[in-house]
Amino acid sequence: MHIEKIINQIKEIEKSLIYPVITLNNPDSNHSKIISGEIVAIESLERYFIEEFSNLSKQNISIEISRWREFIKDTEIWFLSSLEDTQENCTYQKKLFLFGPERVLYSLERLKHYTGTDPKYFERYMVLTNYNMHIELLKEIYSKKKDYRLVESAWACQMNTLHISNTKTWFWFSIINIGIGPSNAKTITDHLAVLRPRLFLMIGHCGWLRNHQEIGDFVLADKFVTDCGILSKIQRTKNPLPIIPTFNLNIWLKNILEKNWVNYRLWTVFTTEDRNWELQFSEYKDYFDEDISVAIDMESAIISAQWFKYKVPNATLLMISDKPLHGKLKKSKEYQSFYAESKKIHLKMLTEFLEEIFENESYYLLHNLLGSMLWAKDDTILK
């Protein structure tokens, strides 16, 4: 299998404004001997396709590329109807064919708009933050290191973004300042999903709800409860689905924190859509007493629900920034010094975690497809 030849063939078909279709023939499969689907935007997704085609070449799976149908212009009414994510597709489709070509093109344009960067610069690990200070500190650190390429937002945009990669190993990550709130979290992960990232990692702050643990300690969520209408837009199911992060990623985050002698707590995190929840303190306190949540934030559960939907491993590394139930509310002047020091330890844990994941992807990203077993060929094709 000549991967470069296949990539060039796809590019040539796209130049003529025709969608290419890939047909896979797997003689060793009992259930999915032939799988096919449309693809598009090979320029932006080339690294992903090269990885997948390389995996297929090791499994005795043949690839056939053919011409399919003409592009639908985004000015045509049919384009909009082609964008819709259905629960059935997200549940049963293999990851390579999770999105139709119109959906991919739409999301790539949205990524340009929101992040101010060309989608081809996005790395395979996606880090989401609420703070530009994390981006600025990473830029300062890696601009001084040899063999690293940094690409940042090229124009004023809603979600400032920095892409960091090692030019020798092609490792690292993109970090996006998604701002505040579950709507922003859903918006960016909907569009990042078409790039088939290897993981979503949220680094942010949270309010602490219990006595023990202090400001500056970390929180790992083993599950989420929510007070958020955005969730119903993601799941669209009659019965609510469990919202949990990826187990293996949480285990390694725990190991990193313990290795650095950093205090943390692993328990339930409450995600709300109301940033001023303190104004309904009595109502929310009843929630916290019932579900025994230890912390509250605004994005984590949404990102976790998105990984369940789009088959992207996820974890959350939260730091306690205030204790509103114990008389320690956020105050601007006091918290400037807290942010100045806390961002250093936060990013140290982040980079150590990503380095370990990069070295041991086959283990830590085991749950890349829900319900898959690594030794079951039918489950791991185009994971």
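Contact map, the range 74-97: first residue assigned by TED's automatic domain parsing to the domain that holds Ile22 and on the phi < 0 side of the Ramachandran plot, second residue aromatic (Phe, Trp, Tyr) and at pLDDT 75 or above, Cβ cut-off under 6 Å, separation 6 or more or different chains; pairs are Leu83/Tyr106. Being of a type in the set (Val, Ile, Thr) and touching a helix residue (DSSP H, G or I) at 6+ places or on another chain (Cβ under 9 Å) is the requirement here; does Ile18 meet it? So Ile18 fails the test.
Please determine whether any residue of the range 360-375 is surrounded by fewer than 17 Cβ atoms within 10 Å (Cβ to Cβ), within 30 Å of Asn166 (Cα to Cα), at pLDDT 85 or above and in the same structural domain as Leu199 (by TED's automatic domain parsing). No, because not a single residue in the range 360-375 is surrounded by fewer than 17 Cβ atoms within 10 Å (Cβ to Cβ), within 30 Å of Asn166 (Cα to Cα), at pLDDT 85 or above and in the same structural domain as Leu199 (by TED's automatic domain parsing). Output the residues belonging to the range 24-59 that are closer than 17 Å to Lys95 by Cβ and touching a strand residue (DSSP E or B) at 6+ places or on another chain (Cβ under 7 Å). Answer for the range 24-59, where residues must be closer than 17 Å to Lys95 by Cβ and touching a strand residue (DSSP E or B) at 6+ places or on another chain (Cβ under 7 Å): Leu24, Ile35, Ser36, Gly37, Glu38, Ile39, Val40, Phe53, Leu56.
Looking for whichever is among the small types (Gly, Ala, Ser) and surrounded by 15 or more Cβ atoms within 10 Å (Cβ to Cβ) here; the options are Ser66, Ser57. Which one fits? It is Ser57.
The values are calculated or read from the model by the stated rules, or taken from the named source; none is laboratory data. Quantities reported herein were computed from a predicted structural model and do not represent experimental measurements. Here the Cβ is made from the backbone with ideal geometry for all residues, glycine too, and neighbour counts use every protein chain on show.
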